[in-house]
Amino acid sequence: MYIIMLGAPGTGKGTIGKILSEDMKLTHISTGDIFREQINKKTELGKKIENYIENGLLVPDDVVIETVEARLLEDDVKNGAILDGFPRTVAQAQALKEFLSENNPNQKRIAIELNVPDDEIIKRIVNRVTCSNKECGAIYNLDTRPPKVAGICDICGSELRKRKDDNEETVRKRLEVYHLNSKDLLEFYKNNNALYSICPKQLEEAVKSIKEYLNRRK
């Protein structure tokens, strides 16, 4: 099963996606992580991606599709995966549908929408810090869920960092772009009978509800 996490930036796709990944033994694929790896390596692709992200814009479909499809050909995701941050447009969704139909036709695609108000999202993101250890990747909120020791991850002891694009101006731009693209994308999965929408007020309840839905769809 391929589980597609949908929702605006800061809705909790990464957190819930990682929990589902552990519970369901499916690899968690974050488009953001793939992009940041390219940026850190200072590849030509990474430079292009960085320019789009820093300006609050989405990376073009052709670049995203090529990057993700290459990842989906690797052995650890042949039986399914948690997709976090992809697809973000109907063109990407259609490309994913065609790619999986050709390469893994027996696995289902289910889209989970996390629906959170914009004001709440902005509060979350501007106060967000993330563990610099990629293998850990724990996320904290300086307002609602701060680390026990300032600047240090509770889990692995690595340094916590704030992303350059986690500021209110950039977040508002990202939300505008998301809303512009999300209506048709959500409609695409609704029409394919593959959409489950939830407002995740409490993490445990949200995960439980999603897992119950996925079990019914197996």
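Solvent exposure of region 1-153 amounts to 50 Å² per residue of accessible area, where only protein heavy atoms count and the probe is 1.4 Å. Working from label points 7 Å from Cα in the Cα-to-Cβ sense, the Phe99 to Glu37 distance is 1.3 nm. For the chain, adding -39500 (n - 2.57) for each run of n ≥ 4 DSSP H residues and dividing by the number of residues yields -15500 deg cm²/dmol at 222 nm. Net charge dipole, the chain: roughly 380 debye, given to the nearest 20, about the Cα centre with Cβ charges of +1 for Lys and Arg and -1 for Asp and Glu.
One entry in (i) 16.8, 49; (ii) 20.0, 72; (iii) 17.3, 52 is Rg and Dmax of the Cα atoms in Å calculated from the shown coordinates; its label is (i). Listed by chain and number, the aspartates and glutamates whose C-alpha is less than 16 Å from the C-alpha of Lys148, apart from same-chain residues fewer than 8 away, are Glu159. In this Cβ point-charge picture (+1 for Lys and Arg, -1 for Asp and Glu), region 103-218 has a dipole of about 440 debye about its Cα centre. A dipole drawn for the chain from +1 and -1 charges on Cβ atoms has a positive end, and of Gly151, Phe86, Ile4 the residue lying farthest that way is Gly151.
Candidates Thr67, Ser209, Leu185 compared by Cα position along the dipole of the chain: farthest toward the positive end lies Ser209, with charges placed on Cβ. Charge tally for Phe99 (other residues, Cβ to Cβ under 14 Å; Lys, Arg +1; Asp, Glu -1): -3.
For region 1-88, the Cβ-based charge dipole about the Cα centre amounts to some 180 debye (Lys, Arg positive; Asp, Glu negative; other atoms uncharged).
Taking every C-alpha pair closer than 8 Å and separated by at least 6 residues, the mean separation divided by the residue count of region 49-114 gives a relative contact order of 28 percent. Would you mind checking Lys78/Lys164; Lys108/Lys211; Lys78/Lys134; Lys108/Lys201; Lys48/Lys134; Lys97/Lys162 for any pair whose Cα atoms are more than 25 angstrom apart? With Cα atoms farther than 25 Å apart: Lys78/Lys164; Lys108/Lys201; Lys97/Lys162. Surface composition of the chain: carbon and sulfur make up 47 percent of the accessible area, probe 1.4 Å. Subtracting the Cα-Cα distance of Asp76 and Val149 from their residue separation scaled by 0.36 nm leaves 22.8 nm.
The values are calculated or read from the model by the stated rules, or taken from the named source; none is laboratory data. It should be emphasised that the depicted structure is a prediction, and the values quoted were computed from it without experimental measurement. Note: ideal-geometry Cβ built from the backbone for every residue, glycine included; neighbour counts use all protein chains shown. Remember, those area values only see protein heavy atoms, side chains included, never the ligands or the DNA or RNA. Shrake-Rupley method; radii C 1.70, N 1.55, O 1.52, S 1.80 Å.
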